[in-house]
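Notes to accompany the following structure.
Derivation of every value follows stated rules applied to the coordinates shown; laboratory data play no part. All values derive from a computational prediction rather than experimental measurement. Cβ sites come from the backbone with ideal geometry, for glycine too, and all protein chains shown count toward neighbours.
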Amino acid sequence: MTESPASLLAKCAHTICLRGFSPAEQESAAALLGSRGHRVVRSLGVAQFVVTGPDIEASLLSGIRSRGIQLASWEAVREELSLATESASTPDPAVPISRQPVLPMFGSEDGKQRFLDLWLPSCAQTTPEDLKLVPAASRFAGLCFDQPFVETLHAVITGTTHAMPVALEGETAASKTTAILYLAHRLGQAVVRLNLNGQTDAGELVGRYVPAEGSWAFHEGVLPVAMRRGHWLLLDEMNLAEPQVLERLNSALESPATLVLSEGPGTVFGRGGDVEPAADFRLLATLNPAEYSGRSVLSPAFRNRWLIWHQAQIPSEADSLAMLRTLVFGTQPVVHWRGRAYQADPIDPLFPTLAAAEEIETLLPHLAHFHTTVGKAADPQGSSPGLGRHRRERDSFTRRNLLATLQLWQSQLTSGPTSPREALANAVERIYTGRYPDAADRKAIHSHARAAGLA
């Protein structure tokens, strides 16, 4: 028997839109739902459920049903939440999220840092020379800890804490590299990042002979240097390299890691060898799915050596809206992990001028919806790609486009007399529409903008 929406809302957290409430009733309902781990949004476009109040109009109710969104009356939801509260006993990780308080995402105790349910290792001992390789805090300004990013970061922490190779696979803009670099920044860990491609050879990884003072000397590659000095070696776009080049990593992916520089002096890295690998040495990689153009198909044996293999997800419309709110207001979204709700601390917003703009609470959901629909239309792997279908090079729309839109939007608001809606329309025109030379594609983007309420 299928459970009612009201029952589902009592058992796990969702994104909810309220309709048919007076201002006072809506504030009270939002507070109660928020205390149970739910996220209350203004836009129907990002809602999983709609909770209806006593003043809901029949025409609005019909429109919501036509969208296919699940409905639940406030009376039924309130009754289910009361029953859930009465049946709750002692706090337990298995208790539904709706009964859990929102916990801080990060914490510290006895000099150790906590992230969700994991304790981070002690900060790496970094030499002044290696300090230059620690990612700077400035690159993470405005970072949004949404659900996909938190899950990816958890996978990275799990692997690096237990000395397991970590591979993050996912589409463009799934924040794979950002998750690795952010953790390194938080730990003060040196990272060497190598972007692989079809021309990458084994010499870049393990080393090669180079001219030196009229003779030849063996110059170690990034892998043996990382093993000596305890660096994290990040291999970006791993499956762009040729498989025979990647296979040179096999011994370093074992536990314990080993390496023999057969291309050079024969130095042996490993326990009992010439060089004992540093304790902080880790191998990490990012890659797009094999369906992307130019990617190599990795062998099962090679994939199996990456003990932590995480499928990083791209942000949904709700995640895009959460990022916009983080950038404008500094608030972080509530995320869920193993039956508990967590939230990162607020940050200084990157675009504070927009927070005071007229209609900002309406325009941000509209922008998130527009960005999501345009991204799906441009995706060649999507069910019905409609943008750039006649072009050999397809566009993708990522968090960078949203960030650039906010930057241009705020700049236009502060540089001249224009309404927030007009300034946003101008920014969308420049960042999104301007990418396409074809009139049909530009018309299609205008249609998406109108459908999202931006025009």
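Peptides 26-35, 182-191, 428-437, 270-279 ranked from most to least packed, by the mean per-residue count of other Cβ atoms within 10 Å: 182-191, 428-437, 26-35, 270-279. For the chain, the longest principal axis of the Cα atoms and the long axis of helix 420-431 meet at an angle of about 30 degrees.
Computed on the chain, with alpha-carbon pairs under 8 angstrom and 6+ residues apart, the relative contact order is 15 percent.
The C-alpha atoms of the chain define a longest principal axis, and helix 176-187 lies at about 80 degrees to it.
Pairs of alpha carbons in segment 309-455 separated by more than 25 Å make up 32% of all such pairs.
Start at zero, step by 5 Å, and the Cα-Cα distances of segment 102-311 spread as 1, 7, 14, 18, 20, 16, 11, 6, 3, 1, 0, 0, 0, 0 percent across the bins. The packing ranking of peptides 56-68, 139-151, highest mean first, is 139-151, 56-68, where packing means the average number of other beta carbon atoms within 10 angstrom of each residue.
Approximating the spin labels as points 7 Å out from Cα along Cα→Cβ, the Asn304-to-Ser108 distance works out to 4.3 nm.
Determine the dipole magnitude for segment 289-415: charges of +1 sit on the beta-carbon of Lys and Arg, -1 on that of Asp and Glu, nothing else is charged, the reference point is the Cα centre, and the result goes in debye to the nearest 20. It would help to have the intermediate numbers written out before the result.
Details: 13 positive and 11 negative charges, 163 e Å.
In debye, rounded to 20, segment 289-415 gives about 780.
Bridge orientation summary for the chain: considering DSSP beta bridges with both residues in this region, about 35 percent are antiparallel.
Annotation: peptides 246-253, 220-227, ranked by per-residue average of other Cβ atoms within 10 Å with the highest first, follow the order 220-227, 246-253. The Rg/Rh ratio of the chain, with both radii computed over alpha carbons and Rh defined as the Kirkwood radius, is 1.02.
Think of the chain as a dipole: +1 on every Lys or Arg Cβ, -1 on every Asp or Glu Cβ, centred on the Cα centre; then among Ser22, Ala163, Pro121, Ser22 lies furthest on the positive end.
Normalising the average separation of contacting C-alpha pairs (under 8 angstrom, six or more residues apart) by the number of residues puts the relative contact order of segment 102-311 at 24 percent. Projecting the Cα positions of Ala355, Phe397, His371 onto the charge dipole of segment 351-451 (unit charges on Cβ atoms of Lys, Arg, Asp and Glu, taken about the Cα centre) puts Phe397 furthest along the positive direction. Between Ala136 and Thr362, the contour length at 0.36 nm per residue exceeds the Cα-Cα span by 77.9 nm. Relative to the longest principal axis of the C-alpha atoms of the chain, give the angle of the C-alpha long axis of helix 360-378, reported between 0 and 90° and rounded to the nearest 10°. The two axes meet at around 60 degrees.
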